[in-house]
Amino acid sequence: MQPVIQMAIFTIIFGRIAKLPTDGVPYPLFVFAGLLPWQFFANSLNAGSDSLVGGSAILKQVYIPRLAMPISSIASCLVDFILAMAVMGALMVWYGYPITTNILIFPLLVILVAIGALALSLFLSAMNVQFRDVKHATPFLIQVWMYATPVVYPLSMIKDPMLVTLYSINPMVGVVEGFRWSLLGHGELPVQPLIISTVMTLILLVVGAIYFKNMERTFADVA
């Protein structure tokens, strides 16, 4: 229900009052297509960042691959994502948006969201073991990050190509625009933002994995 309630609030505030552009797409459909990947990412990041501390009792009793804990937390968020996809399907039927061949890229985008969430979860979960305030700061970070991502507004609002390139360093920019393109045929495939988002996601994954590995031997003692 969380993305549905957010869709209703954003439609009133940004669609009816602020009248933000949507490039011709009905605002509820437009914003829900953006909320789909964002909620999956946000929920995965919240769950993954607290996975080691939340599972500290297991860490102290038996040995399991530490990497399995953030991965399993992210995998569990797929259930909510699938339910949200059912709502998205109903909205597409209601507004008369048929599924096109653009949908073929959709699974790759879902994987990219999961990898991005895992990359940051590795870093934040390891940091959370040492600094317990991380789990309190993460929701605030996610909230700010959402408004720095084209969830409630389109990327087309940014006209300067250089600013678009810089903006796309945010790894969720290309993903959100890609979701809209694959589901709604919204605009053109955002090739450049997707390439930049993919590169940034892979960089974050490598950095997160290195940090996680270096901290791994202290998890059972500190958690």
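No value in this document is a laboratory result; all are computed from the given coordinates. Please read these numbers as outputs of a predicted model, since none were measured by experiment. Here Cβ is always computed from backbone atoms with ideal geometry, including for glycine, and neighbour counts include all displayed protein chains.
Observations
- Single residue of the range 1-21 satisfying the filter (assigned to a loop (DSSP other than H, G, I, E, B) and over 20 Å from the mean Cα position of the chain (by Cα)) that is surrounded by the fewest Cβ atoms within 10 Å (Cβ to Cβ): Lys19
- Condition met for Phe40 (assigned to a helix (DSSP H, G or I), under 16 Å from Trp181 (Cα atoms) and not small (Gly, Ala, Ser)): no
- Selection within the range 190-216: residues that are exposed (fewer than 15 other Cβ atoms within 10 Å of the Cβ) and of a type in the set (A, V, I, L, M, F, W, C). The member of this set that is farthest from Leu166 (Cα to Cα) is Ile210.
- Residue match in the range 53-74 (condition: in a helix (DSSP H, G or I), under 25 Å from Val4 (Cβ atoms) and among the aliphatic types (A, V, I, L, M)): yes
- Residues that are under 17 Å from Val176 (Cα atoms) and touching a Leu at 6+ places or on another chain (Cβ under 9 Å) are absent from the range 59-74.
- Residue that is surrounded by the fewest Cβ atoms within 10 Å (Cβ to Cβ) [pool: residues in the range 73-112 that are polar (S, T, N, Q) and under 16 Å from the mean Cα position of the chain (by Cα)]: Ser76
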